[in-house]
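What follows is a set of notes on a single structure, which appears directly below.
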Amino acid sequence: MTMYMASPAREGKKLNDVIFQAGAKVQAAIAAYGKERVVNGTLGAFADDEGNVACIPTVETLFRSMDMRDFICYAPPVGLPAYRDAVLKAAFADQRPDAYVAAVASAGGTGAVHMAIANYSDVGDYVLTTDWRWDAYGALCSEIGRNLTTFPLFDDTRHFHVAALEKKVSELCRQQDSLLLILNTPAHNPTGFALSEADWDAVLAIACKEAAQGKRISILVDIAYIDYAGEKNDVRRFMKKFSSLPDKVFVMLAFSMSKGYTMYGQRAGALVGISANTSVIDEFNDVVLYSARAAWSNINRGAMTLLTTIQNDAALCRQFEAERHAFYETIRRRAAVFMTEAKECQLAALPYQSGFFISIPAKNSALVCDKLADSLIFAGPLAMGVRFAVCSVSERKMKGVASAMKQAFIAAGE
Ligand SMILES: Cc1ncc(COP(=O)(O)O)c(C=O)c1O
């Protein structure tokens, strides 16, 4: 007899992880046809040309040389003090805003998003993000009693849809006292899009307008992929705009070591708070520490030491950044093959600028992915389209993927 032990409140909490399922199909194809014949565009990690997840060499050398105690000892729930400083260096580079800032350690970028939702939205409220989005935002909200709602990322000209954002923010602010907006930029997952400086001016103007009417507006910038978006200061220039904002506009960054330091499984990140008002940062330190203690207590000490070591040694940091830049250039070349071929065969890929993924809108993405799998090419079927991981497929294997995808779209009747 089936038994139900979980609380009734947990009814329906079942994760439908389409990317994980797509990954299982890849493994089955590799077992049947061999690795060489399979194109794995489902993997959300940088892979070398043989398809193996790659580690930045300096990260590997440092990690292997660390003292055992760096792995086994506890750390404070807010993070090691030197790590908190190193996160600020890494997150802002030379674009630190003229404001009070603080960083609290989190279990990856996911943990940072969790802490932002838990502390800067109310139970039952809506949290706003873009329609094309990282799927986990939905579960991160519903797990703690928030609702995720969206606005279209793109307008008809495939630019950032400022008007839709403004309308949605205004609607939500008539319903609730505060609003948390999550923007994943630059190198957005799953489209590779980035907000321009003008887009940022528009976002902040909308936030300031609502704040002037008494609303508390928090903006979480998810920078999980920022280290694969271009020259570090160029891609961070928007951060300077977070200087001297009104007290009721609070900006946070979700910092992650997963992609930027190839430490996906080590679960290290931080939530960074930015405010013109020192009491907002004091409160941030208190409430976010509380969340960290209650969720995971403290995070991976070895990863924290690694970040600190790299950030505090200029020569090592230059070497590390050069190695990471080579990964970025590899992804750029792979993406260029796809986008050039997509243009040639009129595959309507969304405007990709940088990052791990390219997306193509589809009505029935699961069917398109099934048709694509007939050519042993695997992609992620998202609600709004097909996601292809340019981070994990070699330039050689990338040739012909766009046209195969075009054929799959035709075969699926799109
Ligand atoms: C958009 C986005 N944000 C945040 C994360 C968080 O990653 P992690 O928790 O591994 O740091 C990911 C990971 O895939 C992501 O795609």
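The values are calculated or read from the model by the stated rules, or taken from the named source; none is laboratory data. Model, not experiment: these values are computed from the prediction. Reconstructed Cβ throughout: ideal geometry from the backbone, glycine too, with neighbour counts over all protein chains shown. These accessible areas exclude ligands, DNA and RNA; they are computed on the full protein's heavy atoms, side chains included. Shrake-Rupley method; radii C 1.70, N 1.55, O 1.52, S 1.80 Å.
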Practice prompt. Scan region 113-146 residue by residue and report those that are within 16 Å of the ligand (Cβ to nearest atom) and β-branched (V, I, T).
Written response: V113, I117, V127, T129, T130
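Residue-by-condition table, conditions (1) in a helix (DSSP H, G or I); (2) touching a helix residue (DSSP H, G or I) at 6+ places or on another chain (Cβ under 7 Å); (3) not small (G, A, S):
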| position | (1), (2), (3) |
| --- | --- |
| V251 | no, yes, yes |
| S258 | no, yes, no |
| G273 | no, yes, no |
| I281 | yes, no, yes |
| G302 | yes, yes, no |
| L316 | yes, yes, yes |
| Q319 | yes, yes, yes |
Worksheet item: Restricting the search to region 145-167, which residues are farther than 19 Å from A198 by Cα and in contact (Cβ under 8 Å) with a residue 24 or more places away in the chain?
Response: R146
Discussion item. Scan region 376-392 and tell me whether some residue there is open to solvent by 50 Å² or more (accessible area, probe 1.4 Å) and over 23 Å from T185 (Cβ atoms).
Written reply: no
Worksheet item: From T149, T191, which residue is open to solvent by less than 10 Å² (accessible area, probe 1.4 Å) and either more than 16 Å from the ligand (Cβ to nearest atom) or out of contact with any Pro (no Cβ under 6 Å at 6 or more places or on another chain) (or both)?
Response: T191
Discussion item. With the structure loaded, tell me whether K363 is outside the structural domain of Y261 (by TED's automatic domain parsing) and assigned to a helix (DSSP H, G or I) or whether it fails that test.
Written reply: no
Worksheet entry | Residue list for region 56-115, restricted to those being farther than 21 Å from F46 by Cβ, hydroxyl-bearing (S, T, Y) and touching a residue at least 12 places away in the same chain (Cβ under 8 Å) | Y74, Y83, Y100, S106
Practice prompt. Would you mention how many residues in region 196-245 are open to solvent by 30 Å² or more (accessible area, probe 1.4 Å), among the charged types (D, E, K, R) and outside any helix (DSSP H, G or I)?
Written response: 5
Worksheet entry | In region 79-112, the residues that are β-branched (V, I, T), within 16 Å of the ligand (Cβ to nearest atom) and either open to solvent by 10 Å² or more (accessible area, probe 1.4 Å) or within 16 Å of F242 (Cα to Cα) (or both) | T110
Discussion item. If I ask for residues that are over 18 Å from the mean Cα position of the chain (by Cα) and either at negative phi or not assigned by TED's automatic domain parsing to the domain that holds V280 (or both), which ones from region 119-151 would you list?
Written reply: N119, Y120, S121, D122, V123, D125, Y126, S142, E143, I144, R146, N147
Item to complete: Working only within region 69-94, note down all residues that are among the aromatic types (F, W, Y) and outside any loop (DSSP other than H, G, I, E, B).
Response: F71, Y83, F92
Practice prompt. Return the total of residues in region 174-195 being closer than 22 Å to S354 by Cα and assigned to a loop (DSSP other than H, G, I, E, B).
Written response: 11
Discussion item. Looking only at region 46-68, how many residues end up being outside any helix (DSSP H, G or I) and either of a type in the set (A, V, I, L, M, F, W, C) or not assigned by TED's automatic domain parsing to the domain that holds K397 (or both)?
Written reply: 8
Worksheet, complete the sentence: Here the qualifying pairs (Cβ atoms under 7 Å; residues six or more apart or on different chains; first in region 328-353 and part of a helix (DSSP H, G or I); second charged (D, E, K, R)) come out as R333/E395; R334/E395; V337/E395; V337/K399
Worksheet item: What residue, of D199, D177, D227, D247, is within 16 Å of the ligand (Cβ to nearest atom) and acidic (D, E)?
Response: D227
Discussion item. Which count do you get for residues in region 346-375 that are over 21 Å from K259 (Cα atoms) and open to solvent by less than 30 Å² (accessible area, probe 1.4 Å)?
Written reply: 10
Worksheet entry | Condition broken by L43, with the remaining ones in (1) open to solvent by 80 Å² or more (accessible area, probe 1.4 Å); (2) assigned to a loop (DSSP other than H, G, I, E, B); (3) under 23 Å from K259 (Cβ atoms) satisfied | (1)
